[in-house]
Structure formats: C-alpha cells, structure tokens
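The values are calculated or read from the model by the stated rules, or taken from the named source; none is laboratory data. Since the model is a prediction, treat every value here as computed from it, not as a measurement. A quick note on method: Cβ atoms are made from the backbone with ideal geometry, for glycine too, and the neighbour counts reach across all protein chains shown.
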Amino acid sequence: MPADLSLYGYFRSSAVFRVRIALNLKGLKPEMHFVHLRKDGGEHHSEAYKRINPQQLVPCLVSGGQAIGQSLAIIEYLDELKPEPPLLPKDAKARARVRQIALGVACDIHPLPNLRVLQYLKNRLGADEDALLEWQRHWIGEGFSALERLLASDTATGKFCHGDSPTLADICLVPQMTNARRVELDLKSYPTLLRIEEAACELPAFVAARPENQPDAE
Ligand SMILES: N[C@@H](CCC(=O)N[C@@H](CS)C(=O)NCC(=O)O)C(=O)O
C-alpha cells in the first residue's frame, strides 16, 4: 500500500466529503492540501492546481505520484487499495444497485447545484439569489424524490442504503443531504433518506468527515 497519499480538498465540498468518509472508514490518513474554492477567484483555477487536476475540481487524490480526480474513482481506488471494510457488495446485482444509488447522487443531482453552474447562472444569465436557491432546491428535490421511491420500496434497503453496513451509496447520499440543508430544502418528504442519514451520523467515520469538523472550516 503506498504510504504517500495526499488529498486536495475543501471543507465545504460534498465530493470531498465523500472521499473523507471513505478514508475514515478505511482508517487511512492522507496528507491534506486545502484548495479554497472561493478565495482569489478560486484556488482550483490556479496554474499550480491545474497541473495536478486539469479538470480544476476537488477532490484530487495523489497516490504514489499519480493524481486521481473524480470522487467515485478515488473511492473505488481506496476500496481496492484497502479492501476492508468493503464499500461495495460482493454480489454483482447488489453492486449494481449500490452504484445506481451513488451515481443517482453523483451524476444526476450533485453537478446541477455546483459552484461553477451557480456562477454561470448568476454572472452570465443574470439569476438572482432567489432564483439560485430555487434552482438548487428543485434539482436536489427531484433527485431525492426518485431516491426515496427507490429506497423505500426495496427490501434490499436496510439500516443503510444497501443492507446494514455503509457502502458507496451512503457515502454519496449523506453529503448531499448536508448540501440540501444548506439551501433549506424541506426534507420531510424523504423519510427513508432521513432515517439512513441518522444511522450514518452514528458512525464516527461520517461525523469526523463533516465539513464543520475540518481544519479549513470557516
Ligand atoms: N464529479 C466530480 C465532481 C467534483 C466537483 O464538482 N467538485 C466541486 C466541489 S463539490 C468543485 O470542485 N467545484 C468547483 C467549481 O464548481 O468551480 C467528483 O465526483 O469528484
């Protein structure tokens, strides 16, 4: 296992929050590099960071000299690096279900309320603060409604999104719930998501990964 793991992240980023949960579950402690997404036009747009992650997004994990972007690629890499506890089930159908939930958050919810999208809506299309809030609540709500239906109606859902131990699905869901709270989305229509979030918040790995518990928190 490479001893030299470095994580480039920002306390408020939910994609980095996912990676922090996975690292904590695995008991891995990378060297942290803080990339402030709002200072000086965004440190992720600096030439130095562009050389590390040309996509100019956080997280980015550097392992044995290789920079890996994309939180899900990072988490699956960590899962292969240190297989215990597993973050994906062994059974192929179960694995597909966990990825379905995780990607439902990471591909179909998370990109829409992302900083660069909000900046474009505001600076190029003239959206005001109310419109930006409505945009964020709408797209998170759409995604959560679908996830709530999926999880509530399936016996494969347990204490967590899949069974009784945390997987990649919970790792994606919980940070998105934190984002939803930040825009004051009313969560009472998602009782299964709330129940799973509560179960996850009993685990130290999830609590320690929370934005307010990071050294760069403001
Ligand atoms: N699909 C990417 C998304 C990464 C991403 O969008 N990160 C956000 C923070 S949560 C970011 O760097 N945003 C900067 C921006 O939008 O300018 C992943 O899962 O890692």
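Restrict the check to segment 171-187 and report whether at least one residue is among the acidic types (Asp, Glu) and either within 23 Å of Val19 (Cβ to Cβ) or not in a loop (DSSP other than H, G, I, E, B) (or both).
no
Is there a residue being of a type in the set (Ser, Thr, Tyr) and over 20 Å from Val174 (Cβ atoms) anywhere in segment 40-51?
Yes, segment 40-51 has at least one match.
Yes or no, residue by residue, for (1) surrounded by 14 or more Cβ atoms within 10 Å (Cβ to Cβ); (2) more than 27 Å from Pro86 (Cα to Cα):
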residue	(1), (2)
Pro111	no, no
Gln136	yes, yes
Gly141	yes, yes
Thr178	yes, no
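Just to be sure, is Pro166 assigned to a helix (DSSP H, G or I), in contact (Cβ under 8 Å) with a residue 24 or more places away in the chain, under 15 Å from Ala102 (Cα atoms) and not aliphatic (A, V, I, L, M)?
Here the answer is no, as Pro166 does not meet what is asked.
Name the residue that is farthest from the ligand (Cβ to nearest atom), counting only residues in segment 34-60 that are surrounded by fewer than 16 Cβ atoms within 10 Å (Cβ to Cβ) and polar (S, T, N, Q).
Among them, the one singled out is Ser46.
Checking Pro85 against (1) out of contact with any strand residue (DSSP E or B) (no Cβ under 9 Å at 6 or more places or on another chain); (2) surrounded by 19 or more Cβ atoms within 10 Å (Cβ to Cβ); (3) under 13 Å from Leu168 (Cβ atoms): exactly one of these is not met. Which one?
All conditions are met except number (2).
Test Ser145 against the criterion of being modelled with pLDDT under 95, hydroxyl-bearing (Ser, Thr, Tyr) and surrounded by fewer than 18 Cβ atoms within 10 Å (Cβ to Cβ), and give yes or no.
no
Scan segment 34-60 and report the pairs whose first residue is closer than 17 Å to Phe17 by Cα and touching a residue at least 60 places away in the same chain (Cβ under 8 Å) and whose second residue is among the hydroxyl-bearing types (Ser, Thr, Tyr) and surrounded by 15 or more Cβ atoms within 10 Å (Cβ to Cβ), with Cβ atoms within less than 6 Å and a gap of 6+ or a chain change.
Leu37/Tyr10
Give the residues of segment 115-130 that are part of a helix (DSSP H, G or I) and out of contact with any helix residue (DSSP H, G or I) (no Cβ under 7 Å at 6 or more places or on another chain), sorted by residue number.
Leu115, Arg116, Val117, Gln119, Tyr120, Asn123, Glu129, Asp130
Taking segment 61-105 as the search range and keeping residues that are within 13 Å of Arg18 (Cβ to Cβ) and either at pLDDT below 95 or of a type in the set (Asp, Glu) (or both), which one is nearest to the ligand (Cβ to nearest atom)?
My answer is Glu76.
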